[in-house]
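Okay, structure first, notes after.
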């Protein structure tokens with residue numbers, strides 16, 4: 001069943017970098033791919049029409065199980081026919097398991113073998129999340145790619161703590177897989193066409209910054225068997241060089257016949273550097289969050305629209321960008337909108353930033369296919385370090 | 001010169017209601033027309049691409065001289081080549097004179113024959129606005145339709161106060177016209193193609209709720225001579241029946257050979273009722289402001305998305321609406337976005353509301369052209385009073 005739910009094929013390699021095709025029941029996704037984050041069922045500030053338009057053309061976005069479980073609740077999404085019908089997004093969706101948010105957002109966590117009890121960050125309500133509840137919620141959401149429920153230790157967790165966490169995550173991976181399979185069978189038996197049938201599921205490798213634990217976590221996750229594998233628990237405060245080390249060490253060990261997903265990462269340079277180390281999939285809130293904070297990513301580095309030097313600058317945010325924002329609007333205008341608190345300031349910056357991330361990945365894919373990834377990588381990094389003129 | 005700048009033709013009448021064509025240097029506008037308000041150079045939450053798309057197709061929007069004069073400042077807009085180039089909006093623009101905002105937003109006003117001294121509502125800066133400064137600013141903005149600088153008395157101004165205000169407005173109308181003409185000549189002499197050449201200018205009728213003063217104000221404004229005439233100082237707190245009375249009394253007396261503009265009005269019913277009394281043009285922040293506050297205008301009246309009854313309602317905001325929002329999204333989803341504070345809640349509601357206003361005016365125009373305005377008006381009012389099911 002999972003073979004039907006997700007197809008995967010590597011079409012080109014350049015060093016460790018891979019160009020692939022991920023086939024979901026809702027369309028084909030070329031990898032390496034960046035997935036915009038739609039926390040609560042919307043990519044903040046960017047309408048689906050824009051995400052589908054040629055300049056963005058996002059093939060897959062994320063939803064957050066933790067957030068959607070709290071608001072509007074799995075029952076509401078289920079009653080509306082799943083997250084696709086609820087939101088109106090028709091392309092592929094990946095949902096995370098809620099694990100990361102429980103550990104980063106909620107209050108008064110009580111962790112047990114069974115799961116985690118916590119207070120909601122929105123209303124203080126007492127909640128309980130477990131591998132089973134996460135799988136049931138993700139079945140209700142009907143995402144195309146489900147993530148196993150994991151425990152996320154702090155980025156700087158000591159060896160012993162990281163090992164205990166890893167083992168819990170391994171047991172939770174087995175329970176996730178098992179409940180997921182039951183739900184898929186139930187859905188198939190009930191003859192349901194959408195929602196919780198033909199979903200696929202990814203396992204998550206933990207182990208903090210300890211390479212031996214990362215290896216062990218990978219082995220135990222692969223032992224359970226998933227449609228794809230993710231590296232979790234990075235970009236949580238550790239040094240950038242440490243993150244690159246972990247990725248460089250772990251990614252090539254991940255099954256070549258399955259997609260590799262680096263969760264919650266990162267900046268444009270992180271994406272390119274991690275592709276070079278064998279990663280296929282990424283997600284991150286940076287393009288939209290930084291957009292809301294007045295920052296534009298460009299081919300010559302970051303541009304802060306708050307800077308007075310752009311007050312009457314009629315050039316687009318990025319002179320080499322062909323996105324809808326850069327084709328139409330000037331730095332002066334985007335700055336004006338941002339400085340006066342107009343909603344469209346954040347909207348336009350988020351759109352442009354997503355365009356930059358998605359276009360960067362488009363260039364990455366092309367360069368891998370044409371065997372010119374090394375050159376692309378060098379020129380890209382030179383560009384973004386050259387400074388906005 | 002003004003004849004070139006603005007063409008006007010009535011193509012059909014049905015009672016006092018008129019269907020017309022307003023020709024600006026930036027396209028033809030069918031009237032009666034609703035003009036979305038772009039206070040600071042952006043219609044809050046709605047991108048220009050959306051305003052131009054078929055479901056909205058806004059042919060003309062407003063800019064606010066007061067706001068743009070304060071931020072980013074006329075010098076910045078001028079340096080960027082005028083408001084069209086600064087914002088990226090290519091269709092027609094009308095700018096108000098700043099008069100209304102000075103009297104409604106600013107602090108510590110000091111009114112004199114020369115103009116009005118006040119403190120900016122954003123930073124307390126001491127500012128001075130006069131007919132001349134307003135004309136110079138609107139020339140820098142390069143709007144297609146410029147408004148004369150007027151004084152707005154309170155809606156409930158007594159007869160004597162309203163008369164004094166009216167007389168000041170009449171003298172300011174003459175000064176506005178005179179400075180406007182100079183600026184047009186200067187622009188033409190300098191061979192400028194855009195910006196401050198071939199603008200048109202409208203005069204504003206004041207007089208509060210006193211019909212004799214309204215008549216007098218109209219006569220004195222027509223005496224100066226403008227490309228179009230506006231009714232100002234309504235919808236500022238007076239009873240709705242009083243507003244309709246003033247419009248019913250004044251609009252038919254306004255020159256038939258010029259467009260008639262009712263400033264800052266109003267609700268969908270206000271629009272239809274005022275068209276029935278002879279008005280051609282409208283602007284109002286209601287669709288976007290109420291959208292940001294969670295209210296949707298529909299063919300069956302207003303819908304408050306905060307109401308829990310929509311929690312799992314998969315129907316569109318308005319079942320008879322063909323806008324991009326109603327074609328794609330449910331009440332449940334829009335409510336969810338609004339309740340969780342997602343920016344897109346306000347964006348989608350603003351879009352739908354503008355679609356409703358603009359589509360209502362499309363229906364108004366068609367019904368006038370086909371001689372069925374009376375029936376349309378009755379059915380429309382029945383519809384919006386029938387209650388959202």
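The values are calculated or read from the model by the stated rules, or taken from the named source; none is laboratory data. Since the model is a prediction, treat every value here as computed from it, not as a measurement. Counting neighbours? That spans all protein chains shown, and the Cβs are built from the backbone with ideal geometry, glycine included.
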Out of (1) over 28 Å from residue B:82 (Cα atoms); (2) surrounded by fewer than 24 Cβ atoms within 10 Å (Cβ to Cβ); (3) touching a helix residue (DSSP H, G or I) at 6+ places or on another chain (Cβ under 6 Å), the one residue B:166 does not meet is (2)
Checking the structure you have, find out if any residue of the range B:252-261 is assigned to a helix (DSSP H, G or I), free of Cβ contacts under 8 Å to residues at least 40 places away in the same chain and surrounded by 23 or more Cβ atoms within 10 Å (Cβ to Cβ).
no
Does residue B:62 fit the bill of being in contact (Cβ under 8 Å) with a residue 60 or more places away in the chain, farther than 21 Å from residue A:310 by Cβ and in contact with a strand residue (DSSP E or B) (Cβ under 7 Å, 6 or more places away or on another chain)?
yes
Could you list all residues from the range A:85-105 that are part of a strand (DSSP E or B) and closer than 19 Å to residue A:128 by Cβ?
A:95, A:96
Applying the selection to the range B:281-336, what residues are within 13 Å of chain A (Cβ to nearest Cβ), touching a helix residue (DSSP H, G or I) at 6+ places or on another chain (Cβ under 8 Å), over 22 Å from residue A:49 (Cα atoms) and part of a helix (DSSP H, G or I)?
B:310
Being more than 18 Å from the chain's Cα centre (by Cα), within 30 Å of residue B:248 (Cα to Cα) and more than 11 Å from every other protein chain (Cβ to nearest Cβ) narrows B:23, B:13 down to just B:13
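Residues are listed down the side, and each one gets a yes or a no for (1) in contact (Cβ under 8 Å) with a residue 60 or more places away in the chain; (2) surrounded by fewer than 24 Cβ atoms within 10 Å (Cβ to Cβ):
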position: A:279; (1), (2): yes, no
position: A:286; (1), (2): yes, yes
position: A:291; (1), (2): yes, no
position: A:294; (1), (2): no, yes
position: A:326; (1), (2): no, no
position: A:333; (1), (2): no, no
position: A:347; (1), (2): yes, no
position: A:353; (1), (2): yes, no
Just checking, which of B:341, B:371 is free of Cβ contacts under 8 Å to residues at least 24 places away in the same chain, more than 25 Å from the chain's Cα centre (by Cα) and on the phi > 0 side of the Ramachandran plot?
B:341
Any chance you could count how many residues in the range A:93-118 are modelled with pLDDT of 90 or more and surrounded by fewer than 24 Cβ atoms within 10 Å (Cβ to Cβ)?
9
Looking for whichever is touching a residue at least 60 places away in the same chain (Cβ under 8 Å), over 30 Å from residue B:244 (Cα atoms) and outside any strand (DSSP E or B) here; the options are B:137, B:122. Which one fits?
B:137
Mind telling me which of the residues B:387, B:341, B:371, B:278 ends up being more than 14 Å from chain A (Cβ to nearest Cβ), within 30 Å of residue B:101 (Cα to Cα) and in a loop (DSSP other than H, G, I, E, B)?
B:278
(1) at positive phi; (2) within 25 Å of the chain's Cα centre (by Cα) all hold for residue A:363 apart from (1)
